[in-house]
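Encoded as C-alpha cells, the structure appears first; notes follow it.
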Amino acid sequence: SKKIFDIIIFHFLQDGACISKEQYGVISGLGFAVAYVLFGFLGGYIVDRMNRVHTIFISSLVWMAAGLCQAFANSYDTMFLVRIVLGSGEAFLNPACYSMIADLVSDQHRTKANALYSWSVYFGYGFASLSILMATSFGWRNVCIAFNLIATIPLLLLIFIVKDNSRTHQQKVKLPLMASLQSILQSKPFILLLIASSVRFFSGFALAEYLPIFFKRTYPTNQETFASINFSIVVFCGVASTTLSGYFCDKYGRKYQGIYGYFPAGMLILAIPCMFLLFKSGSFYLSALGLGVGYFLSETWIPPIVATIQHQLPAQTQGVAFSLYSATSLIGNFGPAVIGWFDKGDSTLGDHLLFLMSICYFVSAIFFALMGKSILIK
C-alpha cells in the first residue's frame with residue numbers, strides 16, 4: 001500500500017491535498033525516511049527483546065491506520081504528520097522479519113528464504129505502477145482506502161497462524177544497545193555492505209522516481225504501454241532475479257565463501273551496458289528491453305546481503321543490525337534530489353540518469369566485491 005501511495009501521490013495529490021511539487025519531495029522522501037530510520041533503531045532494539053509476531057502486528061496496525069488517514073488529508077501539515085507516523089510504523093517490519101528468517105531457516109536455505117520475502121517488494125512496486133490507472137478510474141483517495149483495508153487480511157492471518165516460539169530467540173542474551181552497536185560495527189563485511197547498499201539505494205531511488213518521467217518525455221505516445229510493461233518487468237524480473245540469487249548463493253556459498261559479495265558485484269557490472277540501451281537507444285521497445293535486463297541483473301543483491309548479516313553477526317544483535325541496514329535507505333532518498341537539481345525539464349534527463357546509474361553501479365560493485373573478499377562464513 002505504501003508503494004501504491006508513493007506513485008499516485010505524484011500524479012494526483014498535488015491538487016487533491018494542496019501539496020506542491022516541492023512539498024511532495026519532502027513527504028515522499030526525507031519526511032518519511034527520517035522517521036523510518038530514527039524509529040528503526042528503536043524497532044531493532046525492541047525486536048531483539050520482544051515477541052516478533054506481536055511487534056509486526058502492532059507496527060502494521062500503526063502504518064495501516066496512517067495509510068487510511070492519508071486518504072482523508074487535505075493539507076500539507078496533515079499529510080506530513082501522517083507520513084511520520086507511517087514511517088515509524090514501517091520501521092519495525094524488516095528487522096523483525098529478517099530476524100525471524102535467521103532463526104527459522106537453516107543456513108543452507110536462508111538466502112532463498114530472503115529472496116521469497118523480497119517478492120513482496122516487487123509485487124508492491126508492480127501494482128504501484130498500475131495504480132495510476134486505478135486512481136484515474138476510482139480516485140487516489142479510494143485507492144488508498146481499498147489497499148489499506150485489503151492489507152488487514154494477511155495481517156490477521158499472521159497473528160493467528162504464525163508463532164514466534166523460536167528457542168534461539170527465547171534464549172538470546174539481551175545486550176545493551178551500545179554493546180550491540182559495538183559488536184556490529186566491528187564486523188568489516190557489515191561496514192562494507194552498508195557502504196555498497198547506500199550507493200545502490202541512491203541509484204535505485206533516483207531511477208524509480210524519474211523513470212516514468214523519462215519515458216513520458218522521450219516516448220509520450222507510449223504511456224499506457226509503459227505502465228503495463230513496467231509492471232511486468234518489476235514483478236517478473238524482480239522475482240526471477242532474487243530467486244536466482246537465492247538459489248545460486250545457497251548452492252555455492254558454503255564452498256565459495258565470497259560469493260555473497262562477488263555475485264551481486266558481477267551482476268551490477270553486467271547491468272551497466274543495459275543502462276546505455278535504456279537511455280540512449282531512441283526506441284521505446286529497446287529502452288524497455290534495457291530496463292528489463294538491467295533490472296534482472298541489478299536486483300540480485302538484496303538476498304545475499306541480508307544473508308551476510310544473518311551469517312556474520314551474533315543472533316542477539318540481528319534486530320539492531322537490520323535497523324542499521326535499513327538506515328542506508330535514508331541516503332538513497334537523496335538520489336532523486338540530486339537528479340532533480342540537474343534536471344532542466346528537457347530530454348537531457350536520460351543523460352543525467354545514465355551517468356548516475358553507471359557510476360553508482362560501478363562503485364557498489366567495488367564495495368560488494370570487497371565485502372565478498374572479507375567474508376568468513378561461520
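The values are calculated or read from the model by the stated rules, or taken from the named source; none is laboratory data. Everything numeric here is computed off the predicted structure, so don't read it as measured data. Methodologically, a virtual Cβ is constructed for each residue, glycine included, from the backbone with ideal geometry; neighbour enumeration extends over all protein chains shown. Side chains included, ligands, DNA and RNA excluded: accessible areas come from the protein's heavy atoms. Shrake-Rupley method; radii C 1.70, N 1.55, O 1.52, S 1.80 Å.
Tabulated results
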{"quantity": "Cys69, Cys274, ranked by accessible area, largest first (probe 1.4 Å)", "calculated": "Cys69, Cys274"}
{"quantity": "Heavy atoms of Asp77: accessible area, 1.4 Å probe, square angstrom to 10", "calculated": "120 Å²"}
{"quantity": "1.4 Å probe accessible area per residue over the range 58-160, in Å²", "calculated": "45 Å²"}
{"quantity": "Computed lengthening from Ile191 to His54, 0.36 nm per intervening residue step minus Cα-Cα distance", "calculated": "46.3 nm"}
{"quantity": "Net lengthening on full extension, Tyr247/Ile359 (0.36 nm per residue, minus Cα-Cα)", "calculated": "37.5 nm"}
{"quantity": "FRET E, pair Ala227, Trp119, Förster distance 22 Å, beta-carbon r, rounded to 0.05", "calculated": "0.60"}
{"quantity": "Rounded FRET efficiency, nearest 0.05, which uses the C-beta distance separating Leu61 from Val34 and R0 of 25 Å", "calculated": "0.70"}
{"quantity": "Pair Asn142, Ser347: separation of 7 Å Cα→Cβ label points (nm)", "calculated": "4.0 nm"}
{"quantity": "Answer label, with volume of the Cα convex hull per residue in Å³ calculated from the coordinates and candidates [x] 137; [y] 274; [z] 122", "calculated": "[z]"}
{"quantity": "Largest-first ordering by accessible area, 1.4 Å probe, given options Ile309, Ile58, Ile191", "calculated": "Ile58, Ile191, Ile309"}
{"quantity": "Förster radius 22 Å - calculated FRET efficiency between Ser281 and Phe236, Cβ distance, rounded to 0.05", "calculated": "0.55"}
{"quantity": "Relative packing of 88-97, 359-368, which averages over residues the other C-beta atoms within 10 Å, highest first", "calculated": "88-97, 359-368"}
{"quantity": "Per residue, in Å², the accessible surface of the range 221-378 once ligands and nucleic acids are set aside, probe 1.4 Å", "calculated": "40 Å²"}
{"quantity": "Distance (nanometres) between label positions extended 7 Å along Cα→Cβ at Met178 and Ile153", "calculated": "4.9 nm"}
{"quantity": "Apportionment of accessible area to carbon and sulfur, the chain, percent (1.4 Å)", "calculated": "71 percent"}
{"quantity": "Taking the chain and dividing mean pair separation by its residue count, relative contact order in percent (alpha carbons under 8 Å, at least six apart)", "calculated": "28 percent"}
{"quantity": "Ordering of 349-355, 150-156 by burial proxy (mean other Cβ atoms within 10 Å per residue, highest first)", "calculated": "349-355, 150-156"}
{"quantity": "Inverse of mean 1/r across different Cα pairs in the range 27-118, Kirkwood, Å", "calculated": "14.0 Å"}
{"quantity": "Gyration tensor (Cα) of the range 183-266, equivalent ellipsoid semi-axes in angstrom", "calculated": "34, 18, 8"}
